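Everything below concerns the one structure shown next.
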Amino acid sequence: MRAKLLQENSFSEQFAEVVAGFGLDLRITPDGSRCPACNGLIRRVEKEKISDKVSANTLDSYDYFWICSNCGQVYWMGRMWRSMIRIVEEVKERLKKN
Ligand SMILES: [Zn+2]
């Protein structure tokens, strides 16, 4: 296991250091990702099939949903997702400047 001493302060600066230091790929796509809760494979699921698992408000607000094939956790591109995308975009900007 490789380790890296981080010099930067903010999260996105540290993240940029890690990405650059380890040559990581910054694409984010839920298809083929792993469930953060159980590490099961996440796959796209039709809205109708998860209508009993999320609130009516969420169902109305989003078109695309994913489900963990192991624990059944449902995911959508909500607030957490958007903040993750924002961090990734920040990191990409930082990497361009370096
Ligand atoms: Zn899971």
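What follows is calculated from the coordinates using simple rules that are stated; it is not laboratory data. What you are looking at is a predicted structure, and each value in this text was computed from that prediction instead of being measured. Quick reminder, even Gly has a Cβ in these numbers, built from the backbone with ideal geometry, and neighbours come from all protein chains shown.
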- prompt: What is the fewest-to-most order of 13, 46 by other Cβ atoms lying within 10 Å of their Cβ?
  reply: 46, 13
task: Using only Cα atoms, tell me the angle between helix 11-22 and the longest principal axis of the chain; keep it within 0 to 90° and round to the nearest 10.
output: 70 degrees
Folded to 0 to 90 degrees: helix 79-97 orientation relative to the chain principal axis, Cα: 20 degrees
- request: Using Cα pairs closer than 8 Å and at least 6 residues apart in sequence, work out the relative contact order for the stretch 9-98, in percent.
  value: 30 percent
field: Per-residue ³J(HN,Hα) for the stretch 57-64, Karplus 6.51 cos²θ - 1.76 cosθ + 1.60, θ = phi - 60°, Hz, x for Gly and Pro
entry: 4, 5, 4, 6, 7, 10, 9, 10
query: So what is the orientation-averaged projected area of the chain, using the convex hull of its C-alpha atoms, in nm²?
result: 7.8 nm²
Fully extended contour minus Cα-Cα distance, from residue 48 to residue 93, at 0.36 nm per residue: 12.4 nm
- request: Could you tell me which of the pairs 49/96; 47/96; 4/96 are separated by over 31 angstrom between their Cα atoms in the structure shown?
  value: 49/96; 47/96
- line: Once both label points are put 7 Å beyond Cα along the C-beta direction, the residue 86-residue 31 separation in nm becomes 2.7 nm
